[in-house]
Number of protein chains: 2
Amino acid sequence: MNALGVVSRRLCAGVAGRVSGWSAHSLRPFAGITVSQGTRDYNPKQMAIREKVFNTIIGCFKRHGAETIDTPVFELKETLTGKYGEDSKLIYDLKDQGGELLSLRYDLTVPFARYLAMNKISNIKRYHIAKVYRRDNPAMTRGRYREFYQCDFDIAGQYDPMIPDAECLKIVHEILSELELGDFRIKVNDRRILDGMFAVCGVPDDKFRTICSTVDKLDKMSWEDVRSEMVKEKGLSEEAADQIGQYVSMQGGKDLAERLLQDAKMSQSKQACAGLTDMKLLFSYLELFQVTDKVVFDLSLARGLDYYTGVIYEAILTQNGPAPEAGEKGEEGVSVGSVAGGGRYDGLVGMFDPKGRKVPCVGVSIGIERVFSILEQKASAEKVRTTETQVMVASAQKNLLEERLKLTAELWNAGIKAEVMYKKNPKLLSQLQHCEDSGIPLVAILGEQELKDGVVKLRDVHSREEADVLRAELVEEIKKRIADV
Amino acid sequence: MNALGVVSRRLCAGVAGRVSGWSAHSLRPFAGITVSQGTRDYNPKQMAIREKVFNTIIGCFKRHGAETIDTPVFELKETLTGKYGEDSKLIYDLKDQGGELLSLRYDLTVPFARYLAMNKISNIKRYHIAKVYRRDNPAMTRGRYREFYQCDFDIAGQYDPMIPDAECLKIVHEILSELELGDFRIKVNDRRILDGMFAVCGVPDDKFRTICSTVDKLDKMSWEDVRSEMVKEKGLSEEAADQIGQYVSMQGGKDLAERLLQDAKMSQSKQACAGLTDMKLLFSYLELFQVTDKVVFDLSLARGLDYYTGVIYEAILTQNGPAPEAGEKGEEGVSVGSVAGGGRYDGLVGMFDPKGRKVPCVGVSIGIERVFSILEQKASAEKVRTTETQVMVASAQKNLLEERLKLTAELWNAGIKAEVMYKKNPKLLSQLQHCEDSGIPLVAILGEQELKDGVVKLRDVHSREEADVLRAELVEEIKKRIADV
């Protein structure tokens, strides 16, 4: 069965677009101290952005009752073999060092399916955020990293139709709204509708996959070019191509599904009818979830993936994201690009089960690297705090290191995030400068007089106002000030 | 220079002890669906524990003003080459697939040093929590994973002596206290004191390292055995061995450092005096931090590591952790084992700098895998929630799926963590059972009557009390109930 034989990647999440910071090549001068070509370090500012994005996404997954799992970064080579079609050449193998043959994971979906089969789990709602690895063609590495995050949410289990599928779309809607990346659209289609359409348009059975791949290019090629590829390269009849052309230009909602169910040709395909009936049902649930404003039933969405068996979807930003890079393959060509994608894959778990027992799954992958790069770009001019320090313990006079350390420990013990300079006699100015630079909002200043009076001078870095606070009340006062910010 | 030539691992963090769940071997029956030998999946319960531990640790790191960075899982092989001494054989290499020669990171310290040198960073306080990889000898794999977390906190920069060092110890104290692992002790020593001691006891210069390794075994071998190894295997004179024996039995605090500064022999070594003077200073800071209750200056602590240049420390649990496994190497032999370790390494960054520019560093690594395994064992009898769902939207009657979905979306949109069953007509009992099983505290029940009355029946799963709540007030009521729990 074709749909089970080859698994392609769900989302091309290796980030494209410009990324702040240095490239692997620019580091080359210092031999021996480079990161490996095609990977990158994350500096504290990038990490701060990453943490914020993860918090939003994980918050959404948890709001929907998801658990999380983790799997090893490498799998037995045999687990990955035969799952990714021609992309298999991008898999990183480990050296045979006298043990098992191992490969770095290429996505999180295959390890998830392996996990379910191995542990005989027949239902779970889980998320998994982790890095995956792809030895992308060196000619394509510009901006596309070989190590990148995937951020997957999947619902496994035998349930009534379209309910979990609708929840996945609701999740995409929630996350993209919360991340404030600008306007977006979620295209939806169904593999059964595509296959039915190919059948009624007269595409021979053995050409379904290859024609599907060509249709998948409609987001970056004109219909004329797509038609020409179908006819000239793939040998499809002009008639069939033109019939496909009529269908793939259709976009709509529930109404379109209803109309196509009445369509003289489409209604001849049992598969198409099953897909269209489910599409109607899906839209009725999406109405209840109030997300139909962003969702479009789009017959041109193909996603070129082999493991999907039902609903498929892809979210794209419709506003100015990062400009596409010349020569970038993938969705970057025309639109600002896909930021989430997924669908139903009911056959994958069965590939790992000794008895072929199937576990229906539907899921979504957030294109987190693209989100990072958009937000990094947005933040490039802004100051981003990389620590959460609330107060700096400082002194204006000399010989107060011990008093500073004592007060700092008091604050730490009270759960206050506090810093102190590792110098015996730092200048007050340099202590204040550090607060300005790193966004620390408060300074607790100690001096001989303050110690005598049993107070601490609490300074607001922004307003530069200072007030004496009783030492015994300092913790409460800091908490109050922080809460007010 | 010996201290720079070879870098050993900072902490043997591959977990020992029993770990709940299955071993790689027990999975073997299902060919093709195993995890790679020596690694493990984390199930949702393990992940929930892991998340809690990370939150505690990250909370502490942030309280101390740390930023975080991330580095790729693989480095250029040359970056790791010559850093780990004979442990280099445990490094996982990637297959040469026509690109650069790459290896999986063995620890986080070498990538950190590479990062500092590459980016010319001369001061930073950072934490890094990530997985590292060690192809441990198959004969030793029992319970010791080949993929495991490290959890590092380091302070890089030229500062006044012992202030950052004291903060690292304060951090260990805070984390071990907060994790409630039972009583613990932090042993402290200084490489300069050890080297000075060896010199004044008549150990030839070229035997410092090897004698140091033998001393390092004192936590799992008797003095007699250690002495015998020094004399018989390493050719040390009996006299020198006995003099070492006198010193390494010493434990104390600031007083011990003061006494040794007066010691006729020790005071002859400039190095020892420098170390002892700093040890005094360290203890004075530790007093200000109020952590001297757990810290012991212990002359037998050697840590056998080559990259340390000053203070070294190691925290051990003194109460019943997981029982040691027979044949386990490392600290497991006698004590319940090390849960944190670290020290000062002032030469490592310079190894990566083209001009050899040094950046002094001090840091600590929390033995997080051991912490996981202790907490997993503790939790094995308990129920651990793997989701955070606050309310289940249920119905007692049929044909209310749409109403359930609508209410669920309302709750999601209000930020409430809510679940709904993916069934058209689930039984009320099975909905309630799911709440019991997964620890969901509240159920919002919809029925024809409730819909008519504009209310929702809110049920407390634990007390089984039910109350009608106005639909418009439901979100507030749920928030109130959750806050009360």
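For the pair A:Leu470 and A:Gln97, what calculated FRET efficiency results from E = 1/(1 + (r/R0)^6), where r is the Cβ-Cβ distance and R0 = 60 Å, to the nearest 0.05? Each step should come with its number before you reach the end.
Numbers: r = 64 Å, r/R0 = 1.07.
Efficiency computed from Cβ-Cβ geometry: 0.40.
Would you mind putting B:395-404, A:55-64 in packing order, based on average other-beta-carbon counts within 10 Å, highest first?
Final packing ranking: A:55-64, B:395-404.
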Helix A:109-118 vs. chain A, principal-axis angle (Cα, 0 to 90°, nearest 10): 80
Charged-residue dipole, Cβ positions (Lys, Arg, Asp, Glu), the stretch A:327-485 about Cα centre, Debye nearest 20: 480
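Using a Förster distance of 56 angstrom, determine the FRET efficiency expected from the C-beta separation of A:Lys270 and B:Glu388, and round it to 0.05.
With R0 = 56 Å, the Cβ-Cβ based efficiency is 0.85.
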Cα→Cβ-extended label distance, 7 Å offset, between B:Phe54 and A:Ser222, nm: 4.9
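Which value, in square angstrom to the nearest 100, describes the accessible area buried between chains A and B on both sides, using a 1.4 angstrom probe? Mind dumping the intermediate values first?
Working: alone 22830 and 22820 Å², together 37180 Å².
Using a 1.4 Å probe, the pair buries roughly 8500 Å².
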Reachable lysines, given that their alpha-carbon falls under 26 Å from the alpha-carbon of A:Lys355 and they are not under 8 places away in the same chain: A:Lys77, A:Lys83, A:Lys120, A:Lys125
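Relative contact order, percent, of the stretch B:138-245 when contacts are C-alpha pairs under 8 Å separated by at least 6 residues? Mind showing how you got there, number by number?
Details: 36 pairs, mean separation 19.7, N = 108.
Computed over the stretch B:138-245, the figure is 18 percent.
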Accessible-area composition of chain B, carbon plus sulfur, in percent [1.4 Å probe]: 49
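Please give the FRET efficiency for A:Lys398 paired with B:Gln251, using the beta carbon to beta carbon distance and R0 = 35 Å, rounded to the nearest 0.05. Before the final figure, lay out the partial values.
Values: r = 36 Å, r/R0 = 1.02.
After rounding to 0.05, the efficiency reads 0.45.
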Selected from A:Met162, B:Asn55, B:Ala130, residue furthest toward positive end of dipole (the protein assembly as shown; charges at beta carbon): B:Ala130
Percent of Cα pairs exceeding the 18 Å cut-off, where the set is the stretch A:391-484: 37
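Working with all protein chains in place, sort B:Arg185, B:Arg135, A:Arg303 by solvent-accessible area computed with a 1.4 Å probe, largest first. Write down the numbers at each step before the final one.
Values: B:Arg185 80, B:Arg135 55, A:Arg303 15 Å².
Descending accessible area places them as B:Arg185, B:Arg135, A:Arg303.
Tell me whether the protein assembly as shown comes out rounded, prolate or oblate; compute the Cα gyration tensor, take square roots of the eigenvalues as a ≥ b ≥ c, and use a/c under 1.5 as the rounded threshold.
Details: a/c = 1.97, a/b = 1.65, b/c = 1.20.
Cα axes put the protein assembly as shown in the prolate bin.
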Under 20 Å from B:Lys234, Cα to Cα: lysines that are on another chain or at least 8 residues apart: B:Lys207, B:Lys217, B:Lys220
With DNA, RNA and ligands ignored, accessible area of B:Trp223 (1.4 Å probe; Å², nearest 10): 70
Acute angle (nearest 10 degrees) that the helix A:44-63 long axis makes with the longest principal axis of chain A, alpha-carbon atoms: 60
Probe 1.4 Å, protein heavy atoms only - accessible area per residue of the stretch A:391-484 in square angstrom: 50
For the stretch B:401-416, residues shielded by at least 20 square angstrom of accessible area compared with the chain on its own, probe 1.4 Å: B:Leu401, B:Glu402, B:Leu405, B:Lys406, B:Ala409, B:Trp412, B:Asn413
Principal-axis tilt of helix A:401-413 within chain A, Cα atoms, nearest 10 degrees: 40
Accessible area expressed per residue, the stretch B:45-143, with surrounding protein chains retained (probe 1.4 Å, Å²): 32
Selected from A:Phe372, A:Val456, A:Tyr345, residue furthest toward positive end of dipole (chain A; charges at beta carbon): A:Val456
Accessible-area order (highest first, 1.4 angstrom probe) of the listed residues B:Asp468, A:Asp242, A:Asp216: B:Asp468, A:Asp242, A:Asp216
Debye, to nearest 20: dipole size of chain B, +1 on Lys, Arg Cβ, -1 on Asp, Glu Cβ: 960
Label point distance in nm, B:Glu448-B:Gln377, each placed 7 Å from Cα along Cα→Cβ: 5.8
Per-copy distances of the B:Gly356 label point, shortest first, in nm (7 angstrom along Cα→Cβ): 6.8
Under Karplus coefficients 6.51, -1.76 and 1.60, residue-wise ³J(HN,Hα) of the stretch B:64-78 in Hz, glycine/proline x: 9, x, 7, 8, 10, 10, 9, 10, x, 6, 10, 10, 4, 3, 5
The stretch A:391-484: relative contact order in percent, alpha carbon pairs under 8 Å with at least 6 residues between: 28
Rough spin-label spacing in nm, given labels placed 7 Å along Cα→Cβ, for B:Gln290 and A:Phe208: 7.1
Fraction of antiparallel bridges per DSSP, the stretch B:391-484 only, in percent to nearest 5: 55
Estimated 222 nm signal from helices in chain B, with DSSP H stretches of n ≥ 4 weighted -39500 (n - 2.57), rounded to 500: -10500 deg cm²/dmol
Value of relative contact order over chain A, rounded to a whole percent, pairs C-alpha under 8 Å and six or more apart: 18
Exposure ranking of A:Thr292, A:Thr68 by accessible area [1.4 Å probe, largest first]: A:Thr292, A:Thr68
Label spacing, shortest first and in nm, from B:Leu470 to its equivalents in the remaining copies (7 angstrom along Cα→Cβ): 4.3
Dipole magnitude of the protein assembly as shown about its Cα centre (Cβ charges: Lys, Arg +1; Asp, Glu -1), debye to nearest 20: 1120
Charge dipole (the protein assembly as shown, unit charges on Cβ, about Cα centre) - positive-most of B:Gly356, A:Gln397, A:Ala113: B:Gly356
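The values are calculated or read from the model by the stated rules, or taken from the named source; none is laboratory data. Treat the numbers as computed from the prediction; the structure is a model and nothing was measured. Neighbour counts are summed over all protein chains in view; Cβ atoms, including those assigned to glycine, are modelled from backbone coordinates with ideal geometry. Ligands, DNA and RNA are stripped out before the accessible areas are found, and what is left, the full protein with its side chains, is counted by its heavy atoms. Shrake-Rupley method; radii C 1.70, N 1.55, O 1.52, S 1.80 Å.
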